[in-house]
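*Asks:* Before anything else, here's the structure in question.
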Number of protein chains: 2
Amino acid sequence: MEKTLMVLDKVNSPQDLKNLSAEEMIRLSEEIRELIMKKVNTTGGHLGPNLGIVEATIALHYVFNTPEDKIVFDVSHQCYPHKILTGRKEGFTDPDKYLKYTGYTAPEESEYDLFKVGHTSTSVSLAVGLAKARDLRGGRENVIALIGDGSLSGGEAFEGLDNAAVLGSNIIVVVNDNDMSIAENEGGLYANLKLLRNTNGQAECNFFKALGFDYHYVDNGNDVKSLISTFNRVKDSDHPVLVHIRTIKGKGYAPAETDKEHYHWIVPGELDKDYSPAVSQEESYESITTDYLLKKLKQDNSIIAISPATPGVSGFTKEFREKMGKNYTDVGIAEQHAVAFASGLAKNGAKPVLAIMSSFVQRAYDQLSQDLALNNNPATILVFWGGITGADATHLTKYDIPLISNIPNIVYLAPVNKEEYLAMLDWATEQKDYSVVIRVPMCQMVSTGEKDTTDYSILNKYQVVESGSEVAILGLGNFFWLGQKIKTLLKERLGISATLINPRYITGIDIDLMESLKSNHRLIVTLEDGVLEGGFGEKIASYFGDSDLKVLNFGARKEFTDRISLDELYNRYHLNPEQILADIKQNL
Amino acid sequence: MEKTLMVLDKVNSPQDLKNLSAEEMIRLSEEIRELIMKKVNTTGGHLGPNLGIVEATIALHYVFNTPEDKIVFDVSHQCYPHKILTGRKEGFTDPDKYLKYTGYTAPEESEYDLFKVGHTSTSVSLAVGLAKARDLRGGRENVIALIGDGSLSGGEAFEGLDNAAVLGSNIIVVVNDNDMSIAENEGGLYANLKLLRNTNGQAECNFFKALGFDYHYVDNGNDVKSLISTFNRVKDSDHPVLVHIRTIKGKGYAPAETDKEHYHWIVPGELDKDYSPAVSQEESYESITTDYLLKKLKQDNSIIAISPATPGVSGFTKEFREKMGKNYTDVGIAEQHAVAFASGLAKNGAKPVLAIMSSFVQRAYDQLSQDLALNNNPATILVFWGGITGADATHLTKYDIPLISNIPNIVYLAPVNKEEYLAMLDWATEQKDYSVVIRVPMCQMVSTGEKDTTDYSILNKYQVVESGSEVAILGLGNFFWLGQKIKTLLKERLGISATLINPRYITGIDIDLMESLKSNHRLIVTLEDGVLEGGFGEKIASYFGDSDLKVLNFGARKEFTDRISLDELYNRYHLNPEQILADIKQNL
């Protein structure tokens, strides 16, 4: 492909699409695909979803008058073609600018992006809001929500559809049906989508029609012409319309068309001919989790692993899922259901273990509180990836401590090594008294080599790792290593033998221990890998509020950060050992 | 009705139903209705939902072998007939025991109750969990979820149905369709339910069939015989079944059949012949809210009030709703959508004001964080009834401060009087920089008579109501009066002129003011009407952790309380003025 012959050279905004021939649009699709593959193979990112949506994106921008007409992308992990067409192609053509734009829609980048999103199932609701505001002011623009079939399993999407259908004015929901979530789709709805695909949209039993939508079907959703024709038909509709398009996830790249789950998101270099995946034989918190569950299953058929459509987060590989068989359930993107389901399982004698990413556990707060904790059912929830990261603002994982630890009844545990984690996991699944959540460490696995024989039913008993005086350091979970480091520095620099504590329990205070510290300590230092507001340290500060001891809380600030490096964040939050030491010195 | 002739005398457990004739079951229905009306008219409670479900409850317990067969009640506000039939009729026949049993299912009361529930849309998910656990152990019992049509608009119900449909084994979902939520149903789904009712369940376009259920319809859901016949047909089904029954909300009591919204829940005495509702002409926080919105609408068509199916919570009466017209939206029981919808509205230039009860705002945490706060869209959310109460464990309202105030970007305000509230409300709807939540005071309205001219765009500026020394009292929102009281007591008893502060902002610390307190104060006292863990006071304690000032935090403990009187709770939490004074004295 010679640069001078590229159709894309002529396209700097959606307006430029209007002058292209059908033939040119097909070439443009190919060019966009090539750019996406090249860029994603360099930086890593969502591959399959973007390859599948190229033609639909071109057709949408061709037919509709964006940005006046408004497109809301669900999850927005499929917005790369949209970014290329809306003035940001340099982020894909110029390797120096590969990281200039985020992988999600971002209003600060472009007026063509309406919302900053990254969680699923939100687009229809957001679009209904846009449309209703338009109606109140008497506007005429089209409002379009583009949502994948996988996202339809999330309750918020249903709530949005149910309301969109009775809006009484223009809203166009485009369902991008590639017959996949990240992994396979799960749920009764998907049989209906299949029926609709198999009948060219003609089946009378139609989920979308049942909700009241004027329904349209495009069988070849990777054919620009068909798409343009249908979008033209529904443009300026005066009532709610749903366009169901069948696309191919990974379209144009054979391996991605074949193994759709694997190529949903790729790491740098993965498309290279000589790429060979780094197969780690080392143990990780993920591998010891799946090993534990598989071993357990051999003795106990009541164990059941659950994932809300994100099995990769917890190392629930295809192989693991197959081995678990009927003792594994992927509930689809349905975190609320996942938690209530786990509660029901536990109530009826099973031992559910729900694995969920920190950023997504917040989609089920009410279920954690009402369906689970209020009923005190002994389900086990594993929160993965909890901690401060340099992630996108949509996928921060520093809020799970305030979220979970302020719910009554729940026991939220923070292990610091392999043996402790396994002991807690075993206790959690075997006991019958509490709903237990474990914050699986997000760091290189540490092993003590010694079996942990702690009785975790004695709640809120912190572990005193080393007894000392003057300063007591509470290093919670991921940040226990930081506590060790501070202890060493205090000894080296100030000659202080600090007390080092592994709290283990996020949800309670070890009152006996805290009281005992008063006799020979002047300062308590708390370290937590999460946001300070509402977290662990503040409870310790409150506890010591009526004493003469001083308390310093270290953790993240309450803010949305967007792809800020961990180094910079640690610096900003005073989490570097030298900064912490300086703060301690000031308070001695 | 003479006592000796009652059929109910023969019924002490579901087993006793099996010996009744059809005729006796009809009489039993009437007896149960009468008991419910009498009891609810004495204690207050849910009337319409219980009157409508009498026959279905009898039929369920007649056909199924409870408690081995398991019935999960959605919301469970319709469980009165169930309680009467499962060994708890004394709670309805004996006025002295009217308060012995809760108005919701409660496992601690009876093995016939599976879960403690009170929030909507959870039953199907919980039942799927029970059923899956049964399958893992090779059990054979039936699992039944009983869910109202209103609850179907909640996303969790959809997630549950979507998963129930692919369970591959026995689960029976009974949809109790009385064509009402608390208020009218809203959403596209309801047109489909209507179509199904109008076609005797025969319409091909069928929401439940589209999800994959084996669908059955009972047109007269208040006819025990029809119900028994259909339940017998689906009993022991080896696959997921849905039974759609049409019932009459308020059945058997004409006024309740006519005004279904009003009689959803009644106050004591409401069924008396000489009952006349106490029509308050006094202003309340509800009335000044609706007055504000109606007045605003006259000048500004972009204002829009939103309720997630609970208009009564915020005083959104029928009259108000009619006056607002298209500038009012009830989204149905769909809190997630409500928040995202508000964000979309704000993004496109409208001024949304979403009114929601504290206990239900927690159903939309992820939407508050991702759909709203991350996008910084200027929606206004009014949280009603936030504070410590003697309510059922399912409807506690003390968690909204930790829930909301630890989300970045959101400005969470706590007004203490009429003028402050109105000034905040006006600022919130007019500004364009923040997502604003206001905790509407839950107490007798206080008016200063003076317009509040504060510029609320200067964030986190607390109001110093009286300047003093030694002790500084931060009386947040509802508990400002308590702060005033403590100040008076400190003067009277200890001769201390304390500083009294109205923080106004829950989401930030007034650092300048806090620093200034250090010079002439020894103790900071925080008072908040909510749970301490993760709340406001702990942040103040953390702030002063490195200083010599002591901090005492007063508020509720993290625990689920169930119908414990406010007096007892205040006592337990050291919230009585004398207790607070004693605690302060100890720390001076």
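None of the figures in this text is laboratory data; all of them are computed from the coordinates on show. Remember, predicted model here, so these are calculated numbers, not experimental data. Neighbour counts are summed over all protein chains in view; Cβ atoms, including those assigned to glycine, are modelled from backbone coordinates with ideal geometry.
*Asks:* What is the Cα coordinate range of chain B on the first, second and third principal axes, sorted by size from largest, in whole angstrom?
*Replies:* In descending order, the Cα extents are 81, 56, 52 Å.
*Asks:* Right, next: Per residue of the range B:211-222, what does 6.51 cos²θ - 1.76 cosθ + 1.60 with θ = phi - 60° give for ³J(HN,Hα)? Whole Hz please, x for Gly and Pro, Karplus curve as stated.
*Replies:* Working through the residues one at a time gives 7, x, 7, 6, 9, 10, 10, 10, 5, 9, x, 10 Hz.
*Asks:* Here is a follow-up. Mind jotting down the distance between the C-alpha centroids of the range A:126-192 and the range B:178-208, whole Å?
*Replies:* Distance between centres, Cα-based: 20 Å.
*Asks:* While we're looking at this one, here's another question. Please list, in chain and number order, the residues 5+ apart from A:TYR217 or on another chain whose amide H is under 5 Å from its amide H, with Hs placed from the backbone.
*Replies:* For A:TYR217, the qualifying residues are A:HIS244.
*Asks:* Show which lysines lie in cross-link reach of B:LYS487 when reach means a straight Cα distance below 23 angstrom and same-chain residues fewer than eight apart are skipped.
*Replies:* By straight Cα distance, B:LYS487 reaches B:LYS418, B:LYS461, B:LYS518, B:LYS539, B:LYS550, B:LYS585.
*Asks:* Averaged over its residues, how many other protein chain Cβ atoms are within 10 Å of peptide A:329-336's Cβ atoms? All intermediate terms of the calculation are to be shown ahead of the outcome.
*Replies:* Values: counts 6, 1, 7, 4, 1, 8, 3, 13.
Mean inter-chain Cβ contacts per residue within 10 Å come to 5.
*Asks:* Distance in nm between label sites at B:ASN19 and B:GLU568, each 7 Å beyond Cα in the beta-carbon direction?
*Replies:* 3.8 nm
*Asks:* Also, I was wondering about something else. Given 0.36 nm per residue, what is the gain on full extension from A:SER280 to A:THR453 after removing their alpha carbon distance, in nm? Intermediate results must be reported in sequence, preceding the final value.
*Replies:* Values: separation 173, 0.36 × 173 = 62.28 nm, distance 2.90 nm.
Extra length available between A:SER280 and A:THR453 comes to 59.4 nm.
*Asks:* Subtract the Cα-Cα distance of B:THR258 and B:GLU90 from 0.36 nm times their separation in residues, and report this length gain in nm to one decimal. List each step's numbers first, then the result.
*Replies:* Numbers: separation 168, 0.36 × 168 = 60.48 nm, distance 2.98 nm.
That works out to 57.5 nm of additional length.
*Asks:* Enter the Cα centre distance for the pair the range B:455-506 and the range A:359-423, rounded to the nearest angstrom.
*Replies:* What the calculation gives is 36 Å, centre to centre.
*Asks:* Just to be sure I understand: if I project the alpha-carbon convex hull of the protein assembly as shown onto a plane and average over all orientations, what area do I get in nm²? Display every interim value, and only then the final one.
*Replies:* Numbers: hull surface 181.6 nm².
Over all viewing directions, the protein assembly as shown projects a mean Cα-hull area of 45.4 nm².
*Asks:* Turning to a different aspect of this structure: What are the ³J(HN,Hα) couplings of the range B:89-94, residue after residue, when phi is run through the Karplus curve with 6.51, -1.76, 1.60 and θ = phi - 60°? Round to Hz, x for glycine and proline.
*Replies:* Ordered by residue, 3J(HN,Hα) equals 5, 4, x, 10, 8, 10 Hz.
*Asks:* How much of the DSSP bridge set in chain B is antiparallel, in percent, rounded to the nearest 5? Please list the in-between numbers first.
*Replies:* Numbers: 7 of 62 bridges.
Among the beta bridges of chain B, antiparallel pairing accounts for roughly 10 percent.
*Asks:* Compute the signed sum of charges (Lys and Arg +1, Asp and Glu -1) over the other residues within less than 12 Å, Cβ to Cβ, of B:LEU527.
*Replies:* Working: positive: B:LYS485, B:LYS487; negative: B:GLU528, B:ASP529, B:ASP583.
Result for the local shell: -1.
*Asks:* What does the average come to when, for each residue of peptide A:544-553, you count the partner chain Cβ atoms lying within 10 Å of its Cβ? Could the numbers behind the result be given before it?
*Replies:* Values: counts 4, 17, 10, 2, 2, 1, 5, 5, 3, 7.
That works out to 6 on average.
*Asks:* Evaluated at 37 °C with a viscosity of 0.692 mPa s, what Stokes-Einstein diffusion coefficient in µm²/s does the range B:463-586 have when Rh comes from the Kirkwood expression over alpha-carbon pairs?
*Replies:* Values: Rh = 14.6 Å.
Once the numbers are plugged in, D ends up at 225 µm²/s.
*Asks:* Could you compute the net charge surrounding B:ALA423? Neighbours are other residues with a C-beta less than 9 Å from the C-beta of B:ALA423; K and R count +1, D and E count -1.
*Replies:* Working: positive: B:LYS451; negative: B:GLU419, B:GLU420, B:ASP426, B:ASP452.
Net charge in that neighbourhood comes out at -3.
*Asks:* Got the B:LYS295 label distances to the other copies yet, label 7 Å along Cα→Cβ, in nm, shortest first?
*Replies:* So the distances to the same position in the other copies read 7.0 nm.
*Asks:* Out of the DSSP beta bridges found with both residues in the protein assembly as shown, what percent are antiparallel (nearest 5)? Mind showing how you got there, number by number?
*Replies:* Working: 14 of 124 bridges.
Percentage antiparallel, nearest 5: 10.
*Asks:* Over the whole of A:359-367, what's the average partner chain Cβ count within 10 Å per residue? Rounded to a whole number, please. List each step's numbers first, then the result.
*Replies:* Details: counts 3, 1, 2, 7, 8, 4, 10, 14, 8.
Shielding by partners across A:359-367 averages 6.
*Asks:* Quick check on the range B:1-89: what does the Kirkwood estimate of hydrodynamic radius come out to from the alpha carbon pairs, in Å?
*Replies:* Values: mean 1/r = 0.0757 Å⁻¹.
Kirkwood hydrodynamic radius for the range B:1-89: 13.2 Å.
*Asks:* Still on this structure, please answer the following. Work out the length of the dipole vector of the protein assembly as shown about its Cα centre, built from +1 on the beta-carbon of each Lys and Arg and -1 on the beta-carbon of each Asp and Glu, and round it to the nearest 20 debye. Walk me through the numbers on the way to the answer.
*Replies:* Values: 118 positive and 160 negative charges, 28 e Å.
Around 140 debye, computed over the protein assembly as shown.
*Asks:* Among residues other than B:ARG197 whose Cβ falls under 9 Å from its Cβ, what is the net charge (Lys/Arg +1, Asp/Glu -1)? Could the numbers behind the result be given before it?
*Replies:* Working: positive: B:LYS194, B:ARG246; negative: B:ASP177, B:ASP179, B:ASP219.
Combined, the nearby Lys, Arg, Asp and Glu give -1.
*Asks:* Put the label 7 Å from Cα along Cα→Cβ for A:ALA254; what are its distances to the other copies, in nanometres, shortest first?
*Replies:* Here the equivalent label points are 7.9 nm apart from this one.
*Asks:* Students often check this: by mean Cβ neighbours within 10 Å, which of B:432-442, B:36-46 ranks highest, and how do the rest follow?
*Replies:* Details: B:432-442: 22.3, B:36-46: 18.8.
The densest-packed peptide leads the list: B:432-442, B:36-46.
*Asks:* Pick out, in residue order, every one of the trypsin sites (Lys or Arg not before Pro) in the range B:512-588 that is DSSP loop and has at most 16 other C-beta atoms within 10 Å; say none if there are none. Let's see the in-between values first.
*Replies:* Details: sites: B:LYS518, B:ARG522, B:LYS539, B:LYS550, B:ARG557, B:LYS558, B:ARG563, B:ARG572, B:LYS585; in loops: B:LYS518, B:ARG557, B:LYS558, B:ARG563.
Passing both the DSSP loop test and the Cβ count: B:LYS518, B:ARG557, B:ARG563.
*Asks:* Also, quick follow-up: Using +1 on the beta carbon of Lys and Arg, -1 on that of Asp and Glu, and nothing else charged, what's the dipole of chain A about the Cα centre, debye to 20? Let's see the in-between values first.
*Replies:* Values: 59 positive and 80 negative charges, 37 e Å.
Computed charge dipole of chain A: roughly 180 debye.
*Asks:* While we're on this one: Where a Cα-Cα gap under 21 Å defines reach, which lysines qualify for A:LYS260, not counting those fewer than 8 residues away within the same chain?
*Replies:* A:LYS38, A:LYS39, A:LYS194, A:LYS249, A:LYS251, A:LYS273, A:LYS318, A:LYS323
*Asks:* For B:ALA309, what residues show an amide H to amide H distance below 5 Å, using hydrogens built from the backbone and excluding near sequence neighbours?
*Replies:* Excluding prolines and chain starts, which carry no amide H, the hits are B:VAL331, B:GLY332.
*Asks:* Which residue in chain A puts its Cβ closest to the axis that rotates chain A onto chain B, and at what distance in whole Å?
*Replies:* Here the nearest residue and distance are A:GLY155, 1.
*Asks:* Go through B:VAL464, B:LEU566, B:ASN192 and say which Cα lies farthest out towards the positive end of the charge dipole of chain B; charges sit on Cβ, +1 for Lys and Arg, -1 for Asp and Glu.
*Replies:* B:VAL464
*Asks:* Shifting gears a bit: Among B:292-302, B:130-140, how do they line up by average Cβ neighbours within 10 Å per residue, starting with the highest? Could the numbers behind the result be given before it?
*Replies:* Working: B:292-302: 15.3, B:130-140: 19.5.
So the order, starting with the most tightly packed, is B:130-140, B:292-302.
*Asks:* Now for a separate question. For B:ILE71, what residues show an amide H to amide H distance below 5 Å, using hydrogens built from the backbone and excluding near sequence neighbours?
*Replies:* Under 5 Å from the amide H of B:ILE71 lie the amide H atoms of B:ILE144, each far enough along the sequence or on another chain.
*Asks:* Testing the spin-label approximation: label points 7 Å from Cα along Cα→Cβ at A:LYS491 and A:ARG557. State their distance in nm.
*Replies:* 3.4 nm
*Asks:* Could I ask something else about it? Calculate, for A:ASP219 and B:ASP512, the FRET efficiency according to 1/(1 + (r/R0)^6) with r their C-beta to C-beta distance and R0 56 Å; round to the nearest 0.05. Display every interim value, and only then the final one.
*Replies:* Values: r = 65 Å, r/R0 = 1.16.
My answer for the efficiency is 0.30.
*Asks:* Ordered shortest first, which distances in nm separate the 7 Å Cα→C-beta label point of A:LEU566 from those of the other copies?
*Replies:* Reported distances to equivalent positions: 5.0 nm.
*Asks:* At 0.36 nm per residue, minus the direct Cα-Cα distance, what do A:SER469 and A:ASP238 gain on full extension? Give it in nm, one decimal, please. It would help to have the intermediate numbers written out before the result.
*Replies:* On the way: separation 231, 0.36 × 231 = 83.16 nm, distance 7.35 nm.
Using 0.36 nm per residue and subtracting the Cα-Cα distance, I get 75.8 nm.
*Asks:* Applying the Karplus parametrisation 6.51 cos²θ - 1.76 cosθ + 1.60 with θ = phi - 60° to the phi angles of the range A:429-441, what ³J(HN,Hα) value in whole Hz is obtained for each residue in order, glycine and proline being reported as x?
*Replies:* Result, ordered by residue: 6, 8, 6, 10, 9, 9, 7, 10, 10, 10, 8, 4, x Hz.
*Asks:* For the ranges B:311-320, A:451-460, B:574-583, A:151-160, what's the packing order if you count other beta-carbon atoms within 10 Å of each residue, average per peptide, and put the highest first?
*Replies:* On the way: B:311-320: 18.6, A:451-460: 12.8, B:574-583: 14.9, A:151-160: 30.2.
Listed from highest to lowest mean packing, they are A:151-160, B:311-320, B:574-583, A:451-460.
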